[in-house]
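Some notes on the structure that comes next.
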Amino acid sequence: MKLRLQLVLFAALLFIGTKASSAQEIKTYTFNELEPLLHYQNDTTYVINFWAMWCKPCVEELPEFEEVRKAYSEQKVKVILVSLDFGSHLEERLSKFLERKHVHSEVVVLDDPDANSWINKVNEKWDGALPATVIYKNNQRKFFNHRISYKVLVQSINEMSKH
């Protein structure tokens, strides 16, 4: 009986530890805090996707970004998902959503309501519609103002990585 209780306690602790470690910390930024992320000058290719939980095409393309994250995990490619969600209990809702969708890419929240002041700083062609993706390495940039496929992501990353 004592051994059985120990096993149950061990299993419970293991479960709790696994659940805690699967939830990622989600940082919240203003655009001024986020902007440097769009201009790093190093040997990494950055894939930065602007999305929201309420945006159907955004949610539909999340698996594409997860596949890229996995496929390039041994290379200098970084996928960052910038959530434009808002509202009460956002971090809790977002964490549950990411867990349910099996999203393990880095996710940050952009909390800057003055979108008119920063949208063109992301890309001069961006009208603010979601999803939007910036892929860059140093001064090479590609911008997509629509849902993006895994094939296009891979082609863009591979083009950037050659230079």
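The values are calculated or read from the model by the stated rules, or taken from the named source; none is laboratory data. Computed from a predicted structure; not experimentally measured. Here Cβ is always computed from backbone atoms with ideal geometry, including for glycine, and neighbour counts include all displayed protein chains.
Go through V47, V82 for me and flag whichever is within 13 Å of L153 (Cβ to Cβ), among the aliphatic types (A, V, I, L, M) and buried (at least 20 other Cβ atoms within 10 Å of the Cβ). None of the other options fit; the residue is V47.
The set of residues in the stretch 115-138 being without any contact (Cβ under 8 Å) to a residue 60 or more places away in the chain and either among the aliphatic types (A, V, I, L, M) or surrounded by fewer than 12 Cβ atoms within 10 Å (Cβ to Cβ) (or both) consists of A115, N116, I119, E124, K125, D127, A129. Looking at this structure, is E60 touching a residue at least 24 places away in the same chain (Cβ under 8 Å) and either among the small types (G, A, S) or exposed (fewer than 13 other Cβ atoms within 10 Å of the Cβ) (or both)? Spelling it out, E60 is indeed touching a residue at least 24 places away in the same chain (Cβ under 8 Å) and either among the small types (G, A, S) or exposed (fewer than 13 other Cβ atoms within 10 Å of the Cβ) (or both).
Which count do you get for residues in the stretch 55-93 that are at pLDDT below 95, among the hydrophobic types (A, V, I, L, M, F, W, C) and part of a helix (DSSP H, G or I)? Going through the stretch 55-93 one residue at a time, the tally reaches 1. Restricting the stretch 92-114 to residues that are of a type in the set (D, E) and surrounded by 14 or more Cβ atoms within 10 Å (Cβ to Cβ), the residue that is farthest from E60 (Cα to Cα) is D112.
Filtered by the rule that a residue be assigned to a strand (DSSP E or B), out of contact with any Phe, Trp or Tyr (no Cβ under 6 Å at 6 or more places or on another chain) and of a type outside the set (S, T, N, Q), the stretch 130-163 gives I135, K137, R141, K142, F143, F144. If you filter the stretch 139-152 down to residues that are farther than 23 Å from P36 by Cβ, in contact with a helix residue (DSSP H, G or I) (Cβ under 7 Å, 6 or more places away or on another chain) and not small (G, A, S), you find that the one that is surrounded by the most Cβ atoms within 10 Å (Cβ to Cβ) is I148. M160 meets all of the listed conditions (1) more than 14 Å from the chain's Cα centre (by Cα); (2) surrounded by fewer than 18 Cβ atoms within 10 Å (Cβ to Cβ) but one, namely (2).
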